[in-house]
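Below you'll find the structure, written out as structure tokens, and then a few comments.
The values are calculated or read from the model by the stated rules, or taken from the named source; none is laboratory data. All of these numbers come straight from a predicted model, not from anything done at the bench. Every residue, glycine among them, receives a Cβ derived from its backbone with ideal geometry; neighbour counts consider all protein chains shown. The protein model used for the area step is the full one, side chains on, heavy atoms only, and it has no ligands, DNA or RNA in it. Shrake-Rupley method; radii C 1.70, N 1.55, O 1.52, S 1.80 Å.
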Amino acid sequence: FLEKWMWDIRGTQAPDGSITDTAPFRFGTRPADPVCSSFLLIPWLLLLHYGDDTCLRTHYDAMKAWVGYLGTMAQEQVIHYSRFGDWASPRSESEDTAFGSGARSATTPGDFMSTGYYYYDAVLMERFALHVGQDEDARFYQALAQRLRAAFLSRYYDPQTGRYAQGSQGAQAFALMLGLTPDEGRELVLEQLLQEVKRHNYHLSTGNQTTKYLLEQLSEHGHSAEALRIATQMTYPGWGYMLKQGATTVWERWEWETGKEMNSHDHPMHGAISAWFFNTLAGIRPLQTYPGFKRFLLKPCLTCGLKHTGARLASPYGPLCFYWEYTAQDVRLAVSVPENTSAELRLPSGMIREGNSPYSEAPSFDGLLEWENSAQELYVHFGAGNYVFHYQPAAGSAQPRP
């Protein structure tokens, strides 16, 4: 489906490199909103999750043309054109507070989103160029990304407050995801994000572009319990509210509306939370250096407040299963690693044993490839097979129990 959709998008491309915001193109606008980075993200995700670079190689020149077209829309590296931006945020956060087809965010500016995605596109194109051996292109996109980073920070970032644009949840999370946060300012940026979360009483204020990043960035920076609290709210706006209204599929917008306006009750965009279930709660992540799950990361979120979590993923090498749970004595982790692959388990510093073997400072079991236990992290790399680990955190990195 995704390979076919790439051809649909390419089929809308004009000689100037522009694409349309719907594909196949029957209605909508040309050019697409710059947030339509799906044209680049599809080949990247197919490579990352399946190890398949067919789309990347086939559409390399077309992707170059789209990013080149974005450059013609930029003024001093900033793209002021935006139709959608962080689309379909809660009505109180939208420009059009009356119900209708408009759902542009009033708190996360469209040009902020467009310029941020332009930077993201440049980063992706540098990766693609290196992958296909186009070193000159790679140098061009690396330099473009550096210019865009400087322009983005100059226009949108306030180092005194840690705020991006208006400091919304979406703006803070998006900048963190892009890696456009100076190291010395990260704590202020996170503080502003947490203030916005608390100001909304642990409800989201994000739209279809930044909701996914909100949960992931909170978790990535040590606030997974807050992310889980947002995700499990049963009142508007959120997924629990949809469930309480009888929803069996995910809606296009957070509001319960009927009629002929923009209110699809079966829409994929807010379903992006499912990625957070896998990559954060369960902790199963592909590795960029080993695409297609040839070697993958297990980094479970033991501090989110859950007692147990399990996930099964159909990798190209076979079923990959991972389950963790708190017991009375420790944390139990059951892992199934497919043949011809290996897994990296990363946990806060502590001791680990496999099966019924005793705890020791140096783990030893069949399938172990390498390990390291630093003051911050326990790292265990092991090959194919089925394992049951028992983990006890070190005193200095004790995990809060659920």
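When residue 111 is tested against (1) under 20 Å from the mean Cα position of the chain (by Cα); (2) closer than 27 Å to residue 199 by Cβ; (3) at pLDDT 95 or above, exactly one condition is not met: (1). Inside the stretch 190-216, residues that are over 13 Å from residue 168 (Cβ atoms), in contact (Cβ under 8 Å) with a residue 40 or more places away in the chain, open to solvent by 20 Å² or more (accessible area, probe 1.4 Å) and part of a helix (DSSP H, G or I) make up a count of 2.
Of all residues in the stretch 217-229, count the ones that are in a helix (DSSP H, G or I) and over 13 Å from the mean Cα position of the chain (by Cα).
Keep residues of the stretch 217-229 that are in a helix (DSSP H, G or I), which gives 217-220, 224-229.
When the remaining residues are screened for being over 13 Å from the mean Cα position of the chain (by Cα), the result is 224-229.
Residues flagged as in a helix (DSSP H, G or I) and over 13 Å from the mean Cα position of the chain (by Cα) within the stretch 217-229 amount to 6.
Which one is farthest from residue 236 (Cα to Cα) among residues in the stretch 75-93 that are buried (at least 22 other Cβ atoms within 10 Å of the Cβ) and among the small types (Gly, Ala, Ser)? Looking at residues that are buried (at least 22 other Cβ atoms within 10 Å of the Cβ) and among the small types (Gly, Ala, Ser), I get 85.
Of the residues that sit in the stretch 1-35 and are crowded, with 17+ Cβ neighbours inside 10 Å and small (Gly, Ala, Ser), which one is nearest to residue 116 (Cα to Cα)? Only one residue tops the list, namely 32.
Taken over the stretch 83-125, the residue count meeting the criterion of being hydroxyl-bearing (Ser, Thr, Tyr) and touching a Pro at 6+ places or on another chain (Cβ under 7 Å) is 3. The one condition from (1) outside any loop (DSSP other than H, G, I, E, B); (2) open to solvent by 30 Å² or more (accessible area, probe 1.4 Å); (3) not hydroxyl-bearing (Ser, Thr, Tyr) that residue 361 does not meet is (1). Would you mind stating whether residue 52 is under 22 Å from the mean Cα position of the chain (by Cα), modelled with pLDDT of 95 or more and open to solvent by 40 Å² or more (accessible area, probe 1.4 Å)? Yes; evaluated as a whole, the condition is true for this residue.
Of the residues making up the stretch 217-260, those that are touching a residue at least 60 places away in the same chain (Cβ under 8 Å) and buried (at least 21 other Cβ atoms within 10 Å of the Cβ) are 219, 224, 227, 228, 237, 253, 254.
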